[in-house]
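FYI, it's all coordinate maths here, none of it is from the lab. The model shown is predicted, which means the values in this text are computed figures rather than measured ones. Note that each Cβ is placed from the backbone with ideal geometry, even for glycine, and that neighbours are counted across all protein chains shown.
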Amino acid sequence: MTESGASFASGALKQEELFPIREVSRLTGVNPVTLRAWERRYGLIQPTRTDSGHRLYSMTDVDSVRSILAWIDRGVPVSKVGKLLAKGGAARVPVAPVYREVASGEWNEWQGRVRHAVSRFDEAELERVYGQVFSTYPLHAVFQDVLMPVWQELLVRQDEPGVGSEWVLLDSFLRARVLQRLQLARDSQQARVLLAPLSAQCRELELLVTGLLLGSSELGVSVLGLGQPLDELELVCGKTLPQALVLFSNHPPADNLERELGRLALALDCPLALAGEVSDLMGEELAGSPVACLGSEGRLMQRRLRQFLAGHLDT
């Protein structure tokens, strides 16, 4: 790193706001005893320490706590969350430390604008912010780094007074626009992949955004609705003849899922893949099977899907 780059990074670190444990507890709803346990037992968060030994947490640490809460809310044991967080971080393209500081600040600024519009129930302003962020960043960054983190935060906090209504507004707004983008992409493509929900617990927006992130200029994605029976997917694929069937879930797999996937893969005339956090959870179990695991990060999912369809992805 250059001397000027080092100075910039050092300055950014000094200017970063740090929070005591009581403030983190207030922001996240997690009591201090639990925060200390997550640090000591599982290494999930690593706050800095003052000379007197008091813990100080960065905004990144606060975001990590919220991610941990989201995993636990989905039924993942806290002992397994660290592995998932590590995979999620490894899936991102490595960037220089200075760029990462700048990008993180930009994401926080855009997220703040989205939160502000939603908190005021100002859909016109939300529309403006939505258009502006899309004119500035690629699609995967817009959803992964700006829109979906705010949606997930509101989802976790929706029991708080007023937050449930804010989440409904943002969820409805984003579902309408993602559906529109999916339709436009399908109309312009010949090749098709079928995306289906694996669990009745799937959130529709997460399913739709996954369809958007999987698609490309050469490949359109058709999304089946929530409640699609798993045992009827062979019939659906026989009539639609997709290039591949992708199953999506952000929830822990059922005990018999590996066996059901094996049966489905044998019955289908097209390749079968998993996407979402379930593919991270089942990566080891499905290694060497006909079922491909595409991961849960946008660019990685799309790249792995292309490799899988070309026969270049080891399963």
Task: Cβ-based exposure ranking for 26, 304, 181, in which fewest neighbours within 10 Å come first - done: 26, 181, 304
Task: Estimated Rh, the stretch 14-175: Kirkwood, alpha-carbon pairs, angstrom - done: 17.1 Å
Open item on the list: I need 159, 122 ordered by Cβ neighbour count within 10 Å, fewest first.
Closed with: 159, 122
TODO: Can you pull the one-decimal nm distance between simple spin-label points at residue 204 and residue 232, each 7 Å off the Cα toward Cβ?
DONE: 1.7 nm
TODO: Please determine, in degrees from 0 to 90 and to the nearest 10, the orientation of helix 59-73 with respect to the longest principal axis defined by the Cα atoms of the chain, where the helix direction is its Cα long axis.
DONE: 40 degrees
TODO: Quick one, can you get me the convex hull of the C-alpha atoms of the stretch 189-253 expressed as volume per residue in Å³?
DONE: 79 Å³
Open item on the list: For the chain, compute the orientation-averaged projected area of the C-alpha convex hull (one quarter of its surface), in nm².
Closed with: 18.3 nm²
Task: Ascending count of other beta-carbon atoms within 10 Å, so fewest first, for 48, 210 - done: 48, 210
Open item on the list: Using only the alpha-carbon atoms, what does the stretch 190-309 span along each of its principal axes? Please give whole angstrom values in decreasing order.
Closed with: 37, 30, 28
- [ ] Find how much the distance from residue 50 to residue 254 grows on full extension, using 0.36 nm per residue of separation minus their present alpha carbon separation; answer in nm with one decimal.
- [x] 69.0 nm
TODO: Show that you can apply the helix-only estimate: for the chain, add -39,500 (n - 2.57) for every DSSP H stretch of four or more residues, divide by all residues, and state [θ] at 222 nm to the nearest 500.
DONE: -18000 deg cm²/dmol
Task: Percent RCO, i.e. relative contact order, over the stretch 214-315, from Cα pairs under 8 Å lying at least 6 residues apart - done: 25 percent
- [ ] Multiply the residue separation of residue 217 and residue 289 by 0.36 nm, subtract the distance between their alpha-carbon atoms, and state the gained length in nm to one decimal.
- [x] 23.0 nm
TODO: Residues in the stretch 257-281, backbone N under 18 Å from the label point at residue 239 (7 Å along the Cα-to-beta-carbon vector): list them, ranges by number please.
DONE: 268-270
Open item on the list: Need the full-extension length gain, residue 192 to residue 33, defined as separation in residues times 0.36 nm minus the C-alpha distance. One decimal, nm.
Closed with: 52.2 nm
Task: Contact order normalised by residue count of the stretch 14-175, Cα under 8 Å, 6+ apart, percent - done: 17 percent
Open item on the list: With angles folded into 0 to 90 degrees, how steeply does helix 298-309 sit against the dominant principal axis of the chain? Use alpha carbons for both and round to 10.
Closed with: 20 degrees
